[in-house]
Amino acid sequence: MQQLPRPGKTSFDLPTSTHQRLNMYALAAGAAGVSVLALAPDADAKIVYTPAHVSILGPRGSYQLDLNHDGITDFTISNTTHYNTDQAFSVLSAKAAKGNGVVGTFVYRGFPPNAHAFRAGTQIGPFERFFPGAAKMVSYYYGGGGPSEHGNFINVTNRYLGVSFQINGKTHYGWARFTVKVLKQGLRIQAELTGYAYETAPNTPIIAGKTSGPDVEELPESLSAPAPLSAPALLGLLALGSPAMAIWRREE
């Protein structure tokens, strides 16, 4: 029985210019695919928001801010006043833990940057300039030459400190909301932390002040209180006496 020839693949000799165009189309399509993947939102991305009502008062007030409630202090908000015989200098500042940063503007060498006071609805993300260490929110001087005040958080209501911090070695963005008053007498600076939030997806911008929506999870306000101590730590504080316990409670 005579066997019929099997159909084979037909090859074509395309011109070199056609091959080049096809290669360019393939590269363009691949690049477009990568871009779409890069722009696609993380399915697990969400904002975790914690309401708070924490007063941070001088002359030696501080609050350890733990944005994601993992027991690690991400930022220390301090409100301190230093006196001498005829001068007083009060400063409200945010100090970032190692690897973290605060959005601000450079002042000049040897002085801390000025922390930026964001308005609600502003994006905070990798396009901002983040400074390590301490950033000044407000300062108030009283002494020779008369009183003076400086900083972006002077007499503001619901303004946002933009921050970046590390979770498992990856950068996340967040904010802390403050209302601040600068007084002419008594405790010069009154600061209240009224809430904070962070974005769970790394390297993803967050909207300042966004506290509701399908992508927002609100935690109970009680989580903004001091974290409970382990038994050994509690015994250690008890041994140190009431001053240590007062520090832990962050008495106002």
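The values are calculated or read from the model by the stated rules, or taken from the named source; none is laboratory data. Nothing here was measured: the structure is a model prediction, and the numbers come from that model. Here Cβ is always computed from backbone atoms with ideal geometry, including for glycine, and neighbour counts include all displayed protein chains.
Quick notes on this structure:
- Scanning segment 65-77 for residues that are in contact with a Phe, Trp or Tyr (Cβ under 8 Å, 6 or more places away or on another chain) and of a type outside the set (Asp, Glu) returns LEU65, LEU67, ASN68, PHE75, THR76, ILE77.
- Among the residues here, SER148 does not qualify as touching a residue at least 24 places away in the same chain (Cβ under 8 Å) and on the phi < 0 side of the Ramachandran plot.
- Every pair of residues 6+ apart whose Cβ atoms lie under 8 Å, when the first sits in segment 126-142 and is within 21 Å of SER90 (Cβ to Cβ) and modelled with pLDDT under 95 while the second is crowded, with 18+ Cβ neighbours inside 10 Å and among the charged types (D, E, K, R): TYR140/ARG188; TYR142/ARG188
- Flag if TYR173 is under 17 Å from ALA88 (Cα atoms), in a strand (DSSP E or B) and in contact with a Ser or Thr (Cβ under 6 Å, 6 or more places away or on another chain): no
- Taken as a whole, the condition of being surrounded by fewer than 18 Cβ atoms within 10 Å (Cβ to Cβ) and either modelled with pLDDT of 85 or more or within 18 Å of the chain's Cα centre (by Cα) (or both) applies to LEU223.
- Residues that are within 23 Å of SER62 (Cβ to Cβ) and either among the charged types (D, E, K, R) or modelled with pLDDT under 95 (or both) within segment 172-218 comprise ARG177, LYS181, VAL182, LEU183, GLN185, GLY186, LEU187, ARG188, ILE189, GLN190, GLU192, listed in sequence order.
- Residue tally, condition among the charged types (D, E, K, R) and either part of a loop (DSSP other than H, G, I, E, B) or surrounded by fewer than 17 Cβ atoms within 10 Å (Cβ to Cβ) (or both), over segment 193-216: 2
- Residue, surrounded by the most Cβ atoms within 10 Å (Cβ to Cβ), within segment 146-170, restricted to residues that are at pLDDT below 95 and part of a strand (DSSP E or B): GLU149
- Single condition LEU234 does not satisfy, out of (1) under 20 Å from the mean Cα position of the chain (by Cα); (2) modelled with pLDDT under 80: (1)
- Note on segment 82-94: residues that are among the β-branched types (Val, Ile, Thr) and over 18 Å from ALA135 (Cβ atoms) amount to 1.
- Residues being among the aromatic types (Phe, Trp, Tyr) and surrounded by fewer than 21 Cβ atoms within 10 Å (Cβ to Cβ) - total across segment 132-142: 2
- Which listed residue, of ILE72, ILE56, ILE124, is surrounded by fewer than 17 Cβ atoms within 10 Å (Cβ to Cβ) and among the aliphatic types (A, V, I, L, M): ILE72
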